[in-house]
Ligand SMILES: Cc1cc2nc3c(=O)[nH]c(=O)nc-3n(C[C@H](O)[C@H](O)[C@H](O)COP(=O)(O)O)c2cc1C
């Protein structure tokens, strides 16, 4: 009798712990945000190693593990990446502005002055120039001769982003300097990256100076379909 009560207590405790940790799963995802302002505080070798270990435990097709990481702490090199990021973002957003995509994206914003300011900031590329403020920049490369490299590297990157966030550090996925082949070539030359690797993205990592709000997300009601595309899984009215 005593034993079964003991067992029941154990089960209750386990169930409670599971319920508590279920709530924490989503909280953990929301806790991760793109950080673009950093303090001067340095990241310890221990924390860096833990972040990289989390990256390498990501899944990959055929377990190919095609990711390669370069840790950049030299200020001149970080400035070089900041300049390339600024140029890359400037080109991308200028293209979006000229192609009217940007106007579509901000169509809901009625304050014309504010809109003008946003367009100016985006097309200048300055939005991505912050990367040199971080203590370090991680360059993530992937082997070109592996089938699933972009997917594999993205899995490693998400592990890294979550590890950084769990450590109360800050990071931002920055693709701006890698999307234009000419910038990729510049990065490869500067960092001696061999041709058999593709530069996937760069990741400034540091202590956050400012933590932004959670950015809006499209509700599940507009994202999930039942059995076939078009038949919403959740009640659309609830997601409004
Ligand atoms: C593939 C990818 C590329 C990104 N590239 C950039 C970038 O070049 N510059 C930048 O400032 N943020 C970049 N971001 C960050 C996104 O802007 C950010 O994840 C998004 O706005 C959602 O905000 P959150 O990360 O705070 O949740 C990128 C994110 C992803 C996933």
Restricting segment 222-240 to residues that are assigned to a loop (DSSP other than H, G, I, E, B) and surrounded by 10 or more Cβ atoms within 10 Å (Cβ to Cβ), which is nearest to the chain's Cα centre (by Cα)?
-> 223
Consider residue 107 carefully, then state whether it is free of Cβ contacts under 8 Å to residues at least 24 places away in the same chain, under 25 Å from residue 216 (Cβ atoms) and out of contact with any strand residue (DSSP E or B) (no Cβ under 8 Å at 6 or more places or on another chain).
-> yes
Checking residue 202 against (1) closer than 26 Å to residue 80 by Cβ; (2) within 13 Å of the chain's Cα centre (by Cα); (3) assigned to a helix (DSSP H, G or I), the condition it does not meet | (3)
Those residues of segment 26-42 which are away from the ligand (no atom under 16 Å from the Cβ) and either in a helix (DSSP H, G or I) or touching a strand residue (DSSP E or B) at 6+ places or on another chain (Cβ under 8 Å) (or both), in sequence order | 39, 41
Selected residue [assigned to a helix (DSSP H, G or I) and more than 26 Å from residue 126 (Cα to Cα)] from 159, 192 = 159
Just one listed residue, out of 175, 193, 187, 139, is modelled with pLDDT of 95 or more, in contact with a helix residue (DSSP H, G or I) (Cβ under 9 Å, 6 or more places away or on another chain) and within 22 Å of residue 46 (Cα to Cα), and it is 139
Return a yes/no flag: does segment 103-117 have any residue that is touching a helix residue (DSSP H, G or I) at 6+ places or on another chain (Cβ under 9 Å), assigned to a helix (DSSP H, G or I), over 17 Å from residue 201 (Cα atoms) and within 13 Å of the ligand (Cβ to nearest atom).
-> yes
Across segment 69-88, what is the total count of residues that are in contact with a helix residue (DSSP H, G or I) (Cβ under 9 Å, 6 or more places away or on another chain) and closer than 19 Å to residue 159 by Cα?
-> 2
In segment 201-221, what count of residues is obtained for those that are more than 15 Å from residue 71 (Cβ to Cβ) and surrounded by 17 or more Cβ atoms within 10 Å (Cβ to Cβ)?
-> 2
Give the residues of segment 164-191 that are in contact with a strand residue (DSSP E or B) (Cβ under 9 Å, 6 or more places away or on another chain) and more than 12 Å from the ligand (Cβ to nearest atom), sorted by residue number.
-> 168, 169, 184, 187, 188, 191
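The values are calculated or read from the model by the stated rules, or taken from the named source; none is laboratory data. Treat the numbers as computed from the prediction; the structure is a model and nothing was measured. All Cβ positions, glycine included, derive from the backbone under ideal geometry; neighbour counts span all protein chains shown.
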